[in-house]
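Q: Can you keep this structure in mind? I'll have questions shortly.
The values are calculated or read from the model by the stated rules, or taken from the named source; none is laboratory data. Fair warning: this is a prediction, and the values are worked out from it, not measured in the lab. Reconstructed Cβ throughout: ideal geometry from the backbone, glycine too, with neighbour counts over all protein chains shown. Heads up: the accessible areas ignore ligands, DNA and RNA and are worked out on the full protein's heavy atoms, side chains in. Shrake-Rupley method; radii C 1.70, N 1.55, O 1.52, S 1.80 Å.
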Amino acid sequence: MNTTIKEQNGELYAVLDGRLDTAAAAQTEKEMQPLFNSEGKNVVLDCNALQYISSSGLRLFLGVLKSVKAKGAHVYITGMSDDIRNVFAMTGFTNLFEFR
Amino acid sequence: MNTIEKHSLTLPNNVEFIPQLATFIEEVTESYGIDPSVTMSINLALEEAVVNVMNYAYPEGTLGEIDISVTFSDGSITFTIKDTGTPFDPTKVSNPDTSLSAEERPIGGLGIYLVRELMDEVSYCYENNHNILTLKKKIQ
């Protein structure tokens with residue numbers, strides 16, 4: 001699992017690549033720190049290369065969302081596979097996030 | 001069907017071993033010709049159930065094992081997860097409220113819920129000092 005973050009058009013753009021399982025969650029949380037310190041910038045989570053997510057990963061997504069929303073900004077998800085989208089639907093996460 | 005007759009895996013109570021569980025499940029589901037979407041559902045349910053045991057069954061700092069075994073019959077795949085930790089029935093855990101807003105939503109509490117949503121049958125018993133959780137999914 002690999003997370004890279006760049007600033008692009010005034011937004012924080014994060015590319016999530018690999019399997020976000022419980023074993024990968026602690027390292028991913030560290031790599032996501034710039035998203036928790038977003039200073040009011042919108043965040044884009046690019047999930048084109050995200051192969052899998054478990055509740056440990058959902059917890060990180062929700063943590064980023066809470067932190068970004070508290071600063072009045074938005075979190076957009078792009079490129080999510082049908083299987084992962086299904087997990088989002090099951091847990092009510094589809095209604096929490098904005099999709100691009 | 002291939003020639004593997006017994007599928008089983010034993011892991012220590014350490015979440016760093018979850019990728020081994022994923023590899024094991026992929027080998028099993030591939031041997032039964034189960035499609036990738038169903039495999040992902042099975043993988044997710046098993047990860048959640050096993051992580052729950054890894055994190056909570058044994059007192060912090062003590063070593064413990066989790067045994068996972070698989071059987072296939074009548075078009076269903078059945079996983080049995082056993083541990084010798086503190087008795088705990090995950091089927092008694094209440095479901096989270098998935099209709100809450102982002103602000104109201106608590107962080108966590110989704111693992112057991114996902115197990116129930118993703119599998120067709122989830123049952124628990126405590127026998128001979130073992131927690132035994134059985135997860136069944138219809139394939140055909």
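Q: Between segment B:67-140 and segment B:1-61, what is the separation of their alpha carbon centroids in Å?
A: The two parts, judged by their Cα centres, are 13 Å apart.
Q: In square nanometres, what is the average projected area of the Cα convex hull of the protein assembly as shown?
A: 13.4 nm²
Q: Next question, about the same structure. Taking only protein heavy atoms and a 1.4 Å probe, what accessible area per residue, in Å², does chain B have with all protein chains in place? Working shown, then result.
A: On the way: 7450 Å² over 140 residues.
The answer is 53 Å² per residue.
Q: Now for a different question. Quick check on my link table: of B:Lys92/B:Lys138; B:Lys82/B:Lys136; A:Lys41/A:Lys69, which ones sit more than 19 Å apart, alpha carbon to alpha carbon?
A: In this structure, B:Lys92/B:Lys138 exceed 19 Å between Cα atoms.
Q: Expressed as a whole percentage, what fraction of the accessible surface of chain A belongs to carbon and sulfur atoms when a 1.4 Å probe is rolled over the protein heavy atoms?
A: Answer for chain A is 43 percent, counting heavy atoms of protein chains only.
Q: Counting protein heavy atoms only and a 1.4 angstrom probe, how many square angstrom of accessible surface do chains A and B bury in total, to the nearest 100?
A: Numbers: alone 5340 and 8490 Å², together 11690 Å².
For A against B, buried area totals roughly 2100 Å².
Q: With +1 on each Lys and Arg Cβ and -1 on each Asp and Glu Cβ, how big is the dipole of chain A about its Cα centre, in debye rounded to the nearest 20? Don't skip to the end; give the middle numbers.
A: Working: 10 positive and 11 negative charges, 56 e Å.
Using Cβ point charges on Lys, Arg, Asp and Glu, chain A gives about 260 debye.
Q: Expressed in nm², what is the orientationally averaged projection area of the convex hull enclosing the Cα positions of chain A?
A: So the mean shadow area of the Cα hull is 5.4 nm².
Q: For segment A:6-32, state which residues have at least 10 Å² less accessible area in the presence of all protein chains than in their chain by itself, taking the probe as 1.4 Å and leaving out ligands, DNA and RNA.
A: Residues shielded by partner chains are A:Arg19, A:Asp21, A:Thr22, A:Ala23.
Q: Average partner chain C-beta neighbours within 10 Å, per residue of A:56-62?
A: 4
Q: Still on this model: Placing unit charges on C-beta atoms (Lys and Arg positive, Asp and Glu negative, everything else neutral), compute the dipole magnitude of segment A:1-54 about its Cα centre in debye, rounded to 20.
A: 40 debye
Q: Could you compute the net charge surrounding A:Thr4? Neighbours are other residues with a C-beta less than 11 Å from the C-beta of A:Thr4; K and R count +1, D and E count -1.
A: Here the count lands on -2.
Q: Additional query: Accessible area of chain B with a 1.4 Å probe: how many percent of it is carbon plus sulfur? Provide the component values of the computation, followed by the final result.
A: Working: 3590 of 7450 Å².
In chain B, the share of accessible area belonging to carbon and sulfur is 48 percent.
Q: Counting each DSSP H run of 4 or more residues in chain B as -39500 (n - 2.57), what helix-only mean residue ellipticity at 222 nm follows after dividing by all residues, to the nearest 500 deg cm²/dmol?
A: -10000 deg cm²/dmol
Q: Related question: Above 26 angstrom, tally the Cα pairs of chain B and express them as a % of all pairs, no decimals.
A: Everything past 26 Å amounts to 24 percent.
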